[in-house]
Structure formats: structure tokens, C-alpha cells
Amino acid sequence: MRGVLENWLQSGGPRYGDFVRRAQEELRLIESANELRINPSKCTLTIAGNPIKLQPQKFFYYALFVHLRKQSRGPNRDGFVTLNDIQFSDLDAVFRFLTNGKLGVEQYELASGFGFLEKLMPWVKQNYIDPDFQQSFLEVKAKIKDRIGKRLANEALRDRFAIAAQGERGETRYGLNLAPERIYFE
């Protein structure tokens with residue numbers, strides 16, 4: 001609170017009610033900067049009040065890691081998983097979310113922009129991550145981070161909302177460093 005209201009306090013001693021009201025406003029603003037809102041119908045993420053539109057492939061991958069985070073997946077139940085840990089049911093759940101429950105992932109051809117699933121589905125079913133897929137995923141992950149970075153001036157905020165990596169090469173896990181209760185769906 002000191003950093004938020006220090007100047008205001010020095011300017012003449014506000015009434016207690018005004019102080020509390022102002023402090024609550026500032027805290028709401030700080031809290032909203034730590035929220036992620038996802039709108040599947042518009043393929044947008046809203047971070048700190050900034051809407052960020054993503055192409056379908058990028059939005060799908062981001063939504064996949066939101067799904068894994070909300071499910072508390074991974075060895076530490078923090079949503080961080082290796083690419084081999086992704087299951088076909090995860091792909092299907094995310095695709096159903098993106099199509100408002102109208103289509104399963106095997107019907108990807110009926111939705112524009114999801115042709116990349118043709119290669120991804122067999123790899124996930126076989127629990128085999130092709131090097132081409134891994135490279136493609138890393139490129140998409142970097143593009144998502146860049147897109148978020150272009151909309152958010154704050155580098156720490158950008159890093160908090162980007163898909164992050166943990167662990168050693170060969171055992172790298174990917175996920176979101178967000179508390180699941182800070183993720184909202186619109």
C-alpha cells in the first residue's frame with residue numbers, strides 16, 4: 001500500500017473513508033492486471049484489460065495450456081507437462097471449447113484454421129512427438145510470446161502470461177505461470 005498511495009497521503013491527510021475507497025480502487029486495478037480472460041468465439045486473450053487476438057493455431061495451443069493449468073495436470077499438479085504428456089482427450093476438450101461444444105477434434109476440417117491438427121492428432125494418439133512438431137510448437141510458443149509482448153509494455157507481465165518452459169532439455173515441461181482462479185472464460 002505504501003507504494004500505491006504514498007504521494008496521496010503526503011498531500012494533506014485524506015479522510016479515512018476516502019483513503020479506504022482509493023486503496024480498494026488501486027487494489028482492484030492491480031488484481032485485474034493478474035487476470036487472464038479468454039474468449040473462444042473471438043480467439044482473444046484479455047490481459048490487464050488489453051485484448052490480444054490470436055490466429056486459430058496459436059489460440060488453440062494457448063487454450064490447451066490453459067486447459068492443462070485448470071486441470072492441475074503434470075507431476076507437480078501445476079499444469080506444466082512435457083509434450084508427451086498431452087493426451088488426445090486434451091485436444092478434444094480444447095477443440096470442443098473453441099467450437100462451443102459443436103465439434104470434436106476429429107471434425108477439425110469443419111472449422112477454419114485448424115489444419116495443423118491433421119498431423120498433431122496422430123502424434124498425440126501414438127504418444128510420439130515428432131521433431132517437426134516439437135520445432136513447430138516452439139515457433140508457435142515464441143510467436144505467442146511476441147504477440148503478447150507487443151500488447152503489453154511490461155516485460156514481467158508478458159513473461160507471466162506467455163507459455164513458459166521448465167526443466168532440462170529432453171525433459172522440458174511447458175505451462176502457464178498463472179493461478180487457475182485467475183483464469184476466466186467469456
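The values are calculated or read from the model by the stated rules, or taken from the named source; none is laboratory data. Here the structure is a predicted model, which means the values were calculated and not measured. All Cβ positions, even for glycine, are placed from backbone atoms using ideal geometry, and neighbour counts span all protein chains on display.
Points worth noting:
- Out of Phe95, Phe80, Phe137, Phe88, sole residue that is within 16 Å of the chain's Cα centre (by Cα) and more than 24 Å from Asn39 (Cβ to Cβ): Phe80
- Any hit, segment 60-74, residues being closer than 22 Å to Ala164 by Cβ, surrounded by 19 or more Cβ atoms within 10 Å (Cβ to Cβ) and in contact with a Ser or Thr (Cβ under 7 Å, 6 or more places away or on another chain): no
- The set of residues in segment 94-122 being in a helix (DSSP H, G or I) and surrounded by 18 or more Cβ atoms within 10 Å (Cβ to Cβ) consists of Val94, Phe95, Leu98, Val105, Tyr108, Leu117, Leu120.
- Flag if Arg147 is surrounded by 18 or more Cβ atoms within 10 Å (Cβ to Cβ), of a type in the set (Lys, Arg), assigned by TED's automatic domain parsing to the domain that holds Ser41 and not in a loop (DSSP other than H, G, I, E, B): yes
- Enumeration of residues in segment 46-63 that are of a type in the set (D, E, K, R) and part of a strand (DSSP E or B): Lys53
- Among the candidates Ser41, Ser11, Ser89, residue that is exposed (fewer than 13 other Cβ atoms within 10 Å of the Cβ) and either touching a Pro at 6+ places or on another chain (Cβ under 7 Å) or modelled with pLDDT under 90 (or both): Ser11
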